[in-house]
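Taking it in order: structure first as structure tokens, then the write-up.
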Amino acid sequence: MKDTEIETTESEHVEAAVTAGIDRLMNVSVDRVYRDPVHVGDRVIIPAATIAYGGGFGFGSGGNEIERGGGGGGGGWNDGRPVAVIEAGPDGVRIRPVIDFTRVGLTVLAAALAIWRAAKH
């Protein structure tokens with residue numbers, strides 16, 4: 001196999017990966033944030049979430065004629081968590097926030113450690 005064939009195959013692979021990643025980011029729709037309503041008696045319950053995505057990639061190559069090597073890499077993440085429950089009924093609409101006690105506890109712990117460390121110095 002020639003070097004050009006290898007480069008073309010790698011180039012096509014990278015292009016396909018980047019295209020798939022961009023597609024995933026650009027196709028965020030309302031159904032990822034608001035789930036299907038649940039009917040309970042005369043009330044409708046709609047769960048709501050926050051969605052976040054991120055990622056990156058990079059490429060590199062050797063600096064001279066002897067080092068013809070190169071490489072690249074990339075990665076990404078996504079996160080989703082419930083933030084509220086929307087309740088619609090005969091007496092109106094209420095939005096009830098979902099409290100993430102783990103996140104609150106970790107924030108309080110981090111703040112306490114920061115204050116303790118600042119007091120030591």
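The set of residues from the range 2-23 being among the small types (Gly, Ala, Ser) and either open to solvent by 80 Å² or more (accessible area, probe 1.4 Å) or modelled with pLDDT under 75 (or both) comprises Ser11, Gly21. For the range 71-103, a residue qualifies if it is without any contact (Cβ under 8 Å) to a residue 12 or more places away in the chain and loosely packed, with under 11 Cβ neighbours inside 10 Å, and the qualifying residues are Asp91, Gly92, Val93, Ile99, Phe101, Thr102, Arg103. When Ala118 is tested against (1) modelled with pLDDT of 90 or more; (2) open to solvent by less than 60 Å² (accessible area, probe 1.4 Å); (3) of a type in the set (Gly, Ala, Ser), just one condition goes unmet, and that condition is (2). Residues of the range 67-113 that are acidic (Asp, Glu) and under 17 Å from Ala49 (Cα atoms): Asp79, Glu87, Asp100.
Do the conditions hold for Arg35, that is, is it open to solvent by 80 Å² or more (accessible area, probe 1.4 Å) and at pLDDT below 75? Lay out the reasoning, then the answer.
On the way: open to solvent by 80 Å² or more (accessible area, probe 1.4 Å): yes; at pLDDT below 75: no.
In short, no.
The values are calculated or read from the model by the stated rules, or taken from the named source; none is laboratory data. No experiment lies behind these values; they were computed from the predicted model shown. Note: ideal-geometry Cβ built from the backbone for every residue, glycine included; neighbour counts use all protein chains shown. Note: accessible area is taken over every heavy atom of the protein model, side chains too, but ligands, DNA and RNA are not part of it. Shrake-Rupley method; radii C 1.70, N 1.55, O 1.52, S 1.80 Å.
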